[in-house]
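Just so it is clear, none of the values below were taken in a lab; they were calculated from the coordinates. Being a predicted model, the structure only gives us computed values, none of them experimental. Don't worry about glycine lacking a Cβ; one is built from the backbone with ideal geometry, like all the others, and counts go over all protein chains shown.
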Amino acid sequence: MAYSNGRIAGILFFIAVSQFVFGLTIAEARYSGYSISVNYISDLGVGPSSMIFNSSVFLLGLLLIIGAYFLQCALNFKVLTVLLVLTAVGTMGVGVFTENYKAIHPVVSIVAFLFGGLAAIASYKLLKLPFSVLCVIFGLMTISALALFASKTYLGLGVGGMERMIVYPILMWGAGFGGYLIGYPEKRTPT
């Protein structure tokens with residue numbers, strides 16, 4: 001069975017996010033004493049669960065880049081493609097340049113977070129109501145949480161909790177967007 005480029009992109013986005021959510025959960029469980037409130041997400045990249053976390057976050061970025069290629073082939077939406085590729089490069093950078101790389105790690109993290117939020121907002125042009133509005137909300141949540149995090153305003157959640165307020169909306173958008181693309185009707189050609 002042949003799939004359209006848009007459906008392939010959706011499958012890749014959904015797998016990318018799903019495997020990362022599992023990888024993140026496993027990494028947190030394997031890191032004794034890890035606190036989702038006190039610890040940064042990136043602490044998982046240098047602790048006892050580093051192999052799991054770094055592999056999973058790198059795979060997330062790699063699948064996003066491949067998915068962005070198929071999405072561009074399907075829809076020719078260059079703005080979203082560029083935002084997805086920048087998100088993916090930042091995400092892969094998080095897995096390669098762990099927090100031990102003090103000069104590079106914050107930059108790749110910000111690239112992943114900021115462009116992920118912007119990609120969620122930009123995707124509204126491809127989507128129907130009400131999902132288009134939800135994607136804008138997810139993007140705004142990520143960017144707002146990033147601004148609060150940068151100002152060291154953690155709202156009682158701790159650094160790890162606030163960092164998750166940046167990441168989780170992007171992940172929800174990515175899985176939802178992938179599912180949307182998977183279910184999007186394909187144009188049939190007569191046989």
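Things worth noting here:
- Computed from phi, the 3J(HN,Hα) profile of the stretch 77-86 under the Karplus parametrisation 6.51, -1.76, 1.60 (θ = phi - 60°) reads 10, 4, 4, 5, 4, 4, 4, 5, 5, 5 Hz, with x in place of Gly and Pro.
- Each label was represented as a point 7 Å from its Cα along the Cα-to-Cβ direction; for Lys125 and Val107 these points are 2.9 nm apart.
- Residue exposure sequence - Val85, Val94 - by fewest surrounding Cβ within 10 Å: Val85, Val94
- Extension gain for Tyr3-Val82 works out to 26.1 nm (0.36 nm per residue, less the C-alpha to C-alpha distance).
- Evaluating 6.51 cos²θ - 1.76 cosθ + 1.60 at θ = phi - 60° for every residue in the stretch 32-43, the Karplus couplings come out as 4, x, 5, 10, 5, 8, 7, 8, 5, 4, 5, 4 Hz, glycine and proline recorded as x.
- Backbone phi angles across the stretch 141-155, fed through the Karplus curve with coefficients 6.51, -1.76 and 1.60 (θ = phi - 60°), yield HN-Hα couplings of 4, 4, 5, 5, 5, 5, 5, 5, 4, 5, 8, 6, 9, 9, 6 Hz in residue order; Gly and Pro are listed as x.
- For the chain, adding -39500 (n - 2.57) for each run of n ≥ 4 DSSP H residues and dividing by the number of residues yields -24500 deg cm²/dmol at 222 nm.
- Over the chain, the pair-distance histogram of Cα-Cα distances with 5 Å bins from zero comes to 1, 9, 16, 21, 20, 14, 9, 5, 2, 1, 1, 0, 0 percent, rounded to whole numbers.
- Choice from Ile36, Ile15, Ile65 showing the highest fluctuation, given a GNM over the chain with Cα pairs closer than 10 Å: Ile36
- Two-site FRET efficiency, Ala147 against Arg30, from Cβ-Cβ distance with R₀ of 22 Å, rounded to 0.05: 0.10
- Sorted fewest first by neighbouring Cβ atoms within 10 angstrom, Phe177, Phe14 come out as Phe14, Phe177.
- Relative contact order (%) - criterion: Cα under 8 Å, at least six apart; region: the stretch 5-183: 29 percent
- Placing dummy labels 7 Å off each Cα toward the beta-carbon, the span from Phe22 to Tyr168 is 2.2 nm.
- FRET efficiency estimate (nearest 0.05) - Cβ-Cβ, Ile137 to Val38, R0 30 angstrom: 0.60
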